[in-house]
């Protein structure tokens, strides 16, 4: 496709040079041209290798997504079979999560280091999404509460 192209756009082809100047007896010029052709071939090959690597990375990313989805679904089914369904309160859900995490660490040591996998496992499990209405309404604390030590200092670093 690019065989006729050269690094130097104004460079004449060998046929044009020979027609104009006669046969080239300068071995240095021929060696330079061979060297340039070799470099151009190397650059083409490296570019093809780069494109192949990018394709392989996309394929592996797709495979990783499929595996994490399947693994998360299997972990959820396993946990539902292995553990008792928590009641709709935060304490039971917390106990369920703690038991599930402990058991998972025995089956898959170090899985917690893969944050995206941990998040996928958590998002798939419907038992972890039990929402409990808070019995305490949100409000503000007044000066009397603050004097009793019942206030919490707002820290912007704690907000998500």
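Based on what the data block shows, is residue 98 within 24 Å of residue 129 (Cβ to Cβ) and not in a helix (DSSP H, G or I)? Reasoning before the result, please.
Working: within 24 Å of residue 129 (Cβ to Cβ): yes; not in a helix (DSSP H, G or I): no.
For residue 98, the condition - within 24 Å of residue 129 (Cβ to Cβ) and not in a helix (DSSP H, G or I) - is not met.
Is there any pair linking a residue in segment 104-132 that is on the phi > 0 side of the Ramachandran plot and without any contact (Cβ under 8 Å) to a residue 40 or more places away in the chain to one that is loosely packed, with under 14 Cβ neighbours inside 10 Å and in a loop (DSSP other than H, G, I, E, B), with Cβ under 8 Å and at least six apart or on different chains, and which?
none
Does segment 68-95 hold any residues that are over 16 Å from residue 107 (Cβ atoms) and out of contact with any helix residue (DSSP H, G or I) (no Cβ under 9 Å at 6 or more places or on another chain), and which are they?
Result: 88, 89, 90, 91, 92, 94, 95.
May I ask you to verify whether residue 69 is modelled with pLDDT of 95 or more and surrounded by 11 or more Cβ atoms within 10 Å (Cβ to Cβ)?
Details: modelled with pLDDT of 95 or more: yes; surrounded by 11 or more Cβ atoms within 10 Å (Cβ to Cβ): yes.
It is true that residue 69 is modelled with pLDDT of 95 or more and surrounded by 11 or more Cβ atoms within 10 Å (Cβ to Cβ).
Do we have any residue at all in segment 85-99 that's surrounded by 13 or more Cβ atoms within 10 Å (Cβ to Cβ), at pLDDT below 90 and closer than 26 Å to residue 61 by Cβ?
Checking segment 85-99: not a single residue is surrounded by 13 or more Cβ atoms within 10 Å (Cβ to Cβ), at pLDDT below 90 and closer than 26 Å to residue 61 by Cβ.
The values are calculated or read from the model by the stated rules, or taken from the named source; none is laboratory data. None of the values given here were measured: they were computed from a predicted structure. Positions of Cβ are generated from backbone atoms using ideal geometry, with glycine treated the same way; all protein chains shown enter the neighbour counts.
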